[in-house]
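Undergrad: Let me begin by handing over the structure; questions about it come next.
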Amino acid sequence: MKKPRLGGRFRFAGTALTVERIGYGAMQLAGPGVWGPPKNPDEAIAVLREAVAAGVNHIDTSDFYGPHITNQIIRRALHPYRAGLVIVTKLGARRPPDRSWQRAISPQDLEAGVYDNLRNLGLDALDIVNYRAMGSGHGPGEESIVEQVTALADLRRKGLIRHIGLSNVTAAQVAEAQVITDIVCVQNNYNLAHRHDDALIDDLARQGIAYVPFFPLGGFTPLQSSTLSAVADRLGAKPMQVALAWLLHRSPNILLIPGTSSVAHLRENLASGRLTLSPQTLAELDGGSSPRR
């Protein structure tokens, strides 16, 4: 099978890490509600192996997915890891037995989370660790993240973390963190219908810092737009492929991590890297992508 073009390549600023712009988000490898094992463990392993075989070398994960399950599946499927594979994980939450999402943001929590990730992934050091700030609801809050970023910088000095990123943060929090340490990526909620971070994306692009949209396809409420559907029909593509292609066109520092537990869906996502959107099509999507009610 011919490998799809994966949107070009991106080098994380100040690092030796270069990735294809279309990666893979592993959250959906866990069971329903991101809890427990998947219904089909063999399919989960097949998805990971198919992604890497297709050229994906950027996998996003966390040890609080499952918890622990997703990282254990990644290790089972891919260890020993191919040279050049970049595994990005995140800290800042825990999953107690009631299956809720709770903060885990003390320096002790963050250190324990690093060791959990190392153990379950089978690594001696983590390529990139994102601190995920947990604001009210799904959006970022305004609290200081100095204590948490300082703790991660200390773990980096110990050699347990190679690079640091942020997730679910504001521009002010990014600036606050950059006083403490280099930030190589920011991971926030952004997609065709949710564009609150436009200014932040442009600022990070000027600095060569990666922006990684989570929920690039709308997350638990998939994107729906008559304009998106019309463009997809015209291009002979799926609407979600067009939504991913739009993100690749939006800015060269955007990296994609769409998730799936299906090999067929994975192939559709990766094929979005072959779509070329004309300036007229981009303008059409920019002007008419409000989600249907």
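The values are calculated or read from the model by the stated rules, or taken from the named source; none is laboratory data. Predicted, not measured: the structure shown is a model, and the values here were computed from it. Ideal geometry is used to build each Cβ from the backbone, glycine not excepted, and the neighbour counts take in all protein chains shown.
Undergrad: Which one of Leu166, Leu155, Leu121 is touching an Asp or Glu at 6+ places or on another chain (Cβ under 7 Å), closer than 20 Å to Ile87 by Cα and aliphatic (A, V, I, L, M)?
TA: On the way: Leu166 fails: touching an Asp or Glu at 6+ places or on another chain (Cβ under 7 Å); Leu121 fails: touching an Asp or Glu at 6+ places or on another chain (Cβ under 7 Å).
Among Leu166, Leu155, Leu121, only Leu155 is touching an Asp or Glu at 6+ places or on another chain (Cβ under 7 Å), closer than 20 Å to Ile87 by Cα and aliphatic (A, V, I, L, M).
Undergrad: Related question: Can you give me the number of residues within region 169-198 that are within 21 Å of Glu284 (Cα to Cα), free of Cβ contacts under 8 Å to residues at least 60 places away in the same chain and either among the charged types (D, E, K, R) or in contact with a helix residue (DSSP H, G or I) (Cβ under 7 Å, 6 or more places away or on another chain) (or both)?
TA: Total satisfying the criteria: 4.
Undergrad: Would you pick out the residues in region 166-198 that are among the polar types (S, T, N, Q) and part of a helix (DSSP H, G or I)? If you could, list the steps in order and put the result at the bottom.
TA: So the first thing to find is which residues in region 166-198 are among the polar types (S, T, N, Q), and the list is 167-168, 170, 173, 178, 181, 187-189, 191.
Selection gives Gln173, Gln178.
Undergrad: Follow-up. Quick one: Arg103 ticks every box in (1) touching a residue at least 40 places away in the same chain (Cβ under 8 Å); (2) out of contact with any Pro (no Cβ under 6 Å at 6 or more places or on another chain) except a single one, so which number is it?
TA: The number of the failed condition is (1).
Undergrad: Looking at Arg162, is it basic (Lys, Arg) and in contact with a strand residue (DSSP E or B) (Cβ under 8 Å, 6 or more places away or on another chain)? I'd like the intermediate steps shown before the answer.
TA: Values: basic (Lys, Arg): yes; in contact with a strand residue (DSSP E or B) (Cβ under 8 Å, 6 or more places away or on another chain): yes.
Yes.
Undergrad: Here's another thing I want to ask about it. Give region 1-44 a look and list any residue that's within 22 Å of Thr70 (Cβ to Cβ), among the polar types (S, T, N, Q) and either in contact with a His (Cβ under 6 Å, 6 or more places away or on another chain) or surrounded by 14 or more Cβ atoms within 10 Å (Cβ to Cβ) (or both), or say none.
TA: Gln28
Undergrad: Another question about this same structure. I'm trying to understand the selection: among the residues of region 150-209, which are under 15 Å from the mean Cα position of the chain (by Cα), modelled with pLDDT of 95 or more and of a type in the set (S, T, N, Q)?
TA: Ser167, Asn168, Gln187, Asn188
Undergrad: Ok, one more. Name the single residue that is nearest to the chain's Cα centre (by Cα) among those in region 91-111 being within 24 Å of Asp182 (Cβ to Cβ), surrounded by 15 or more Cβ atoms within 10 Å (Cβ to Cβ) and not acidic (Asp, Glu).
TA: Leu91
Undergrad: Name, by its number, the condition in (1) buried (at least 22 other Cβ atoms within 10 Å of the Cβ); (2) modelled with pLDDT under 95 that does not hold for Asn269.
TA: (2)
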